[in-house]
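Please treat every number below as a calculation from the coordinates, not as lab data. Computed from a prediction, not measured in an experiment: that's the story for all the values here. Heads up, the Cβs are rebuilt from the backbone with ideal geometry, glycines too, and the neighbour counts pull from every protein chain shown.
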Amino acid sequence: MAPRSQFEKTPISVRWDRQLRSAPNQLTLLRLAAIPFIIIAILNGRWGWALALFLLAGVSDALDGLLARALQQRTMLGAYLDPIADKLLLSTLFLELAFVHRIPWTVTIMVFSRDVIILVVCAALYTAANFRDFTPSIFGKMNTFAQIGTVFAILVSQVWSPPMITGAVWVGIRATVVLTTISGLHYVLRLGWQLRATDRKAGAA
């Protein structure tokens, strides 16, 4: 029997502790910690603080990816934690901005519905078929970019609102609606294609 690697000999609790203490994951946790402060700033009408914290979260998102590559600290925890932090930040802000009447509730409901449907489908496939290939599509990445741009434009518009920023909010909201619909449909269809391809390979084996 081949000897176990040093990583395999390390207790699971120690492995996760090491991953949690890595610099990229610490930045991701910082992004998560900023969420309640952004919510409080918006509720109190402190839009400048909300914008600054949102920009800080964006910088941390860029830095954690750079650090993970530069320091060779890519971890399994980071692979799950980073998208969860991004999605939680955006979903919370869409909900909060709808609550203060800066985004139509219909848009927020569409964003939440898409995420919930994808989450349920992925959980069902993972449980029933042990399917694990849930990489985001180009449309999903475009949708995330549109959501980030929309939130940013809305926060800026509360501090400084020239016609250009007002127009950016209008475009961002409509782009979010379109890309939310397209990316949701494409994601579900792509999962169906992947499952059929997997079944064909299993049948040919």
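What the table below lists for this structure:
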| quantity | calculated |
| --- | --- |
| For region 146-196 and region 78-121, distance of Cα centres in Å | 11 Å |
| Peptides ranked, highest mean first, by Cβ atoms within 10 Å: ranges 136-144, 179-187 | 179-187, 136-144 |
